[in-house]
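Throughout, read-outs are computed from the coordinates displayed, never taken from laboratory work. Please read all numbers here as calculations on a predicted model, not as lab measurements. Using ideal geometry, Cβ is built from the backbone for each residue, glycine included, and neighbour counts are taken over all protein chains shown.
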């Protein structure tokens, strides 16, 4: 079905959840006149209540991830679908498959590496054939790192061996959805590693068949270190961000050799050690299904920080890049990272796809690859900072 013949430009799926409602609020305030957008979810009464609260007149679509026909109907009706329905390992695959089949552009907020790798293995080729862009991690995971790295690369000599290091500082609270997604990932370390190996082998085989040179883009882990410029301690942060940036580097050819490592920046290393111990305890508990379920009930999906709490939250990501004898420091900064700014990032990603002149691409792609500079300009206009810093 040609995308120009579809009923909706943008459909927000999971609009009544915590992150979904914030994204809907942003769209209600910022969608341009004439944009045909709609809300989708499994409960039409809740969707209607949200629509009334927002004061907008948009269509409501009933869809449930357990009913593939309803999900396919949403994908067939839209040019773009943005979804906040997680954990994505449990709920995401039907919509990815539907969008890949129908040539509908897909956006989500996942930070789950296994999900992204499995969706590449299952649907990348189908999306290439249909023209769909499948863009994961369109929130705090991993737009600041991905677009921040792209900004840093733009300042460095083309073709040089590039080494980037990101140091993130965050103040904010997690929602129930994010907490449960993390528990799901912690409980599947073995399958996560296997999915990564399977994807890496498939990509390597394709490059060899195409006669392409081996890629050296990587996302290495590193040791604890002290930043001589800021005086903060840098603790290796094994989030999805580094892998997303490495994928962008391969797709966009960011130099003959490229690496991006991400850290948590703390003043006191004891704080980082305590945080690492807490995460280690959660990982251990997540291996036991009853414990994992009990922990998930402490912050159930749909819950999240209050508006007052979000107003006090913030993030700073400082990216240092070196290559070709030059050095650059970039900072990406904003307010509440997990929810307020994530809603902005997801909504502006959808608006960017709907309204802007973008590079031709298809398949599973990153935000830097598919949206790049136009999205960065949108986010700056929305209040996020993407700045090249002058060093002392």
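What is the chain by shape, rounded, prolate or oblate, if you read a ≥ b ≥ c off the alpha carbon gyration tensor as root eigenvalues and call it rounded for a/c under 1.5, prolate for a/b larger than b/c, and oblate otherwise? Rounded shape, in that the Cα axes give a/c under 1.5. Fewest neighbouring Cβ atoms within 10 Å first, the residues 192, 345 line up as 192, 345.
Taking only Cα atoms and a 10 Å spring cutoff, compute GNM fluctuations for the chain and point out the largest among 83, 361, 33. Checking each option, the largest mean-square fluctuation is seen for 33. Please state the shape class of segment 8-141: rounded when a/c is under 1.5, otherwise prolate if a/b exceeds b/c and oblate if not, all from the C-alpha gyration tensor. In terms of gyration-tensor shape, prolate.
For q values of 0.24, 0.34 Å⁻¹, compute log₁₀ I(q)/I(0) with the Debye formula on a Cα-only model of segment 74-117, without solvent. Here the Debye-derived log intensity ratios amount to -0.79, -1.27.
Considering only alpha-carbon pairs that sit under 8 angstrom and 6 or more positions apart, the relative contact order computed for segment 1-103 is 35 percent. In this simple spin-label approximation, residue 388 and residue 291 carry label points 7 Å from Cα along the Cα→Cβ vector, and these lie 5.0 nm apart.
Exposure proxy ranking for 319, 224, 143, based on other Cβ atoms within 10 angstrom of each Cβ and starting from the fewest, stands as 224, 319, 143. The mean sequence separation of alpha-carbon pairs under 8 Å and at least six residues apart, normalised by the residue count of the chain, gives a relative contact order of 22 percent. Per residue, the chain reaches -14500 deg cm²/dmol at 222 nm when only DSSP H runs of four or more residues are counted, each adding -39500 (n - 2.57). Put in order of Cβ neighbour count within 10 Å, fewest first, the listed residues 80, 135 become 135, 80. Given Cα pairs under 8 Å that are at least 6 residues apart, what percent is the relative contact order of segment 49-103? Result for segment 49-103 is 32 percent.
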